[in-house]
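The values are calculated or read from the model by the stated rules, or taken from the named source; none is laboratory data. Keep in mind the model is a prediction, meaning the values are calculated, not measured. Positions of Cβ are backbone-derived with ideal geometry, glycine not excepted, and every protein chain shown enters the neighbour counts.
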Amino acid sequence: MQGVVSQLNKLCRDKLGEYCHWGATTQDITDTELGAISAALATLARTHRDTPMIGRSSLQQAIPVTFGYEMAGLLSAIERHRERLARLRPRVLVGEFAGAAGTLASLQTGAMETQAGLCAELGLGPGSAVRPRA
């Protein structure tokens, strides 16, 4: 995960990257891009709609199919996953910004507001409640 932090750091302007990991742990916010996978599969399905290949059934050679047909099948599965994730998003895709011990102690003031603002900016629901500071 440290590689992700380094990449985010490089993308920040005015040397603000030094703060991209401050108050957070490397597990705090990550996401995936299924839209790009869907787009790539759709392109492959269109491009290779007539490209023949050997079909498979139970890992055995079967009747011919097209590569485009295979990609369309994968696209269909990814789209079903995206639909399920969209329905789950409010319950599952929540932000976690709580720091190393889960206390947000590195933020002296406005910790809860910062956490809520970050989640809102990222379109994520709030994560678990922050444990009170000792």
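Tell me which residues, restricted to segment 75-95, are modelled with pLDDT of 80 or more and outside any helix (DSSP H, G or I). Scanning segment 75-95 gives Val94, Gly95. Return the residue satisfying two criteria in turn: it lies in segment 112-132 and is part of a loop (DSSP other than H, G, I, E, B) and out of contact with any helix residue (DSSP H, G or I) (no Cβ under 9 Å at 6 or more places or on another chain), and of such residues it is modelled with the highest pLDDT. Out of the qualifying residues, it is Ser128. Determine whether segment 31-38 contains at least one residue that is surrounded by 14 or more Cβ atoms within 10 Å (Cβ to Cβ), outside the structural domain of Ser6 (by TED's automatic domain parsing), of a type in the set (Ser, Thr, Tyr) and in contact with a Ser or Thr (Cβ under 8 Å, 6 or more places away or on another chain). No, the conditions are met nowhere in segment 31-38. State yes or no: is Ile63 in contact with a helix residue (DSSP H, G or I) (Cβ under 6 Å, 6 or more places away or on another chain) and either over 30 Å from Tyr19 (Cβ atoms) or assigned by TED's automatic domain parsing to the domain that holds Ile37 (or both)? No; evaluated as a whole, the condition is false for this residue. In segment 100-111, of all residues being surrounded by 14 or more Cβ atoms within 10 Å (Cβ to Cβ) and modelled with pLDDT of 80 or more, the one that is nearest to Tyr19 (Cα to Cα) corresponds to Leu107.
Looking at this structure, is Gly110 touching a residue at least 40 places away in the same chain (Cβ under 8 Å) and assigned by TED's automatic domain parsing to the domain that holds Val5?
no
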